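Written out below as structure tokens is the structure these notes cover.
The values are calculated or read from the model by the stated rules, or taken from the named source; none is laboratory data. Predicted, not measured: the structure shown is a model, and the values here were computed from it. Glycine gets a Cβ as well: all are built from the backbone with ideal geometry, and neighbour counts include every protein chain shown.
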Amino acid sequence: MVAAIVLSAGASSRMGSPKALLSIGGSTFIERIVSSLKATKVGKIIVVLGHDAERIQPKIDPFLVTIVLNPDYLKGQLSSLIAAIRRLQADLSQVDGVLVHLVDNPFLNSSVVNEMIDRFYQSKKLIVIPTYKGQRGHPVLLSSLLFPELLSAPLDQGAKSVVRAHPDETLEIETDDEGVVLDIDTPEDYRRYVERRHVQT
């Protein structure tokens, strides 16, 4: 199976408030992302929390997902990904890969996710990345064969260092969905993209 990992542990310092709790189309970013993942072929959903976990967790408890608390979230996104992978290691024989998504991208498209999973199994590539007009976006699908590299990668370089190390084993899937490249990091981003797109997928 492919497990989904949603990274939602950061302090959202540039936004000034938790991105996970920002409103979009009558729900929050984290609710929208988890709901979209529930409509895909992923076999398990893990949400990694850290900063403001006590405020965010009640929003996703009804979805019955796995919550992982990362006390080291200040060390960066890779620390949260590692925490999730360690949780998965008990079921490692069942996990073929992980679909990694960031909470600052609420425009997760279930159809794009399903295509990524299908192409992952068909191509047998280690990495699958959606693109929009040639620009790489999210989520990113990583084979479980990369777990040892991810677990030992420098925290300050993040998972990108592992992706860069495997250009020949990376499959890019071009999509017409601009949402794959829209990260909401600042209040200006929120006004520009969320208010404009509203509930579009």
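Matching residues to (1) over 28 Å from Arg119 (Cβ atoms); (2) touching a helix residue (DSSP H, G or I) at 6+ places or on another chain (Cβ under 8 Å):
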| residue | (1), (2) |
| --- | --- |
| Ile33 | no, no |
| Gln57 | yes, no |
| Asp61 | yes, no |
| Val65 | no, yes |
| Gly76 | yes, no |
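The single residue among Lys125, Lys133, Lys160 that is basic (Lys, Arg) and touching a helix residue (DSSP H, G or I) at 6+ places or on another chain (Cβ under 6 Å) turns out to be Lys125.
Each row is one residue, and each column tells you yes or no for (1) under 30 Å from Glu195 (Cα atoms); (2) aromatic (Phe, Trp, Tyr); (3) crowded, with 19+ Cβ neighbours inside 10 Å; (4) modelled with pLDDT of 95 or more.
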| position | (1), (2), (3), (4) |
| --- | --- |
| Leu81 | yes, no, yes, yes |
| Ala90 | no, no, no, no |
| Ser110 | yes, no, no, yes |
| Val113 | yes, no, yes, yes |
| Tyr121 | no, yes, no, yes |
| Leu126 | no, no, yes, yes |
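Annotation: Leu88 fulfils all but one of (1) part of a loop (DSSP other than H, G, I, E, B); (2) under 29 Å from Thr175 (Cβ atoms); the unmet one is (1).
For segment 26-48, check the following and say yes or no: at least one residue is hydroxyl-bearing (Ser, Thr, Tyr), outside any loop (DSSP other than H, G, I, E, B) and within 17 Å of His138 (Cα to Cα).
yes
Entry remark, segment 128-183: residues being among the basic types (Lys, Arg) and either in contact (Cβ under 8 Å) with a residue 60 or more places away in the chain or not in a helix (DSSP H, G or I) (or both) number 2 in total. Ala39 satisfies every condition listed in (1) hydrophobic (A, V, I, L, M, F, W, C); (2) crowded, with 17+ Cβ neighbours inside 10 Å; (3) touching a residue at least 24 places away in the same chain (Cβ under 8 Å) except (2). Summed over segment 128-158, the residues that are buried (at least 19 other Cβ atoms within 10 Å of the Cβ) and out of contact with any Phe, Trp or Tyr (no Cβ under 9 Å at 6 or more places or on another chain) give a count of 12. Annotation note: of Asp183, Asp96, the sole residue that is over 25 Å from Lys19 (Cα atoms) and acidic (Asp, Glu) is Asp96.
Identify, from the list Pro71, Pro106, Pro58, the residue that is surrounded by fewer than 16 Cβ atoms within 10 Å (Cβ to Cβ) and part of a loop (DSSP other than H, G, I, E, B).
Details: Pro106 fails: surrounded by fewer than 16 Cβ atoms within 10 Å (Cβ to Cβ); Pro58 fails: part of a loop (DSSP other than H, G, I, E, B).
Every option except Pro71 fails the conditions.
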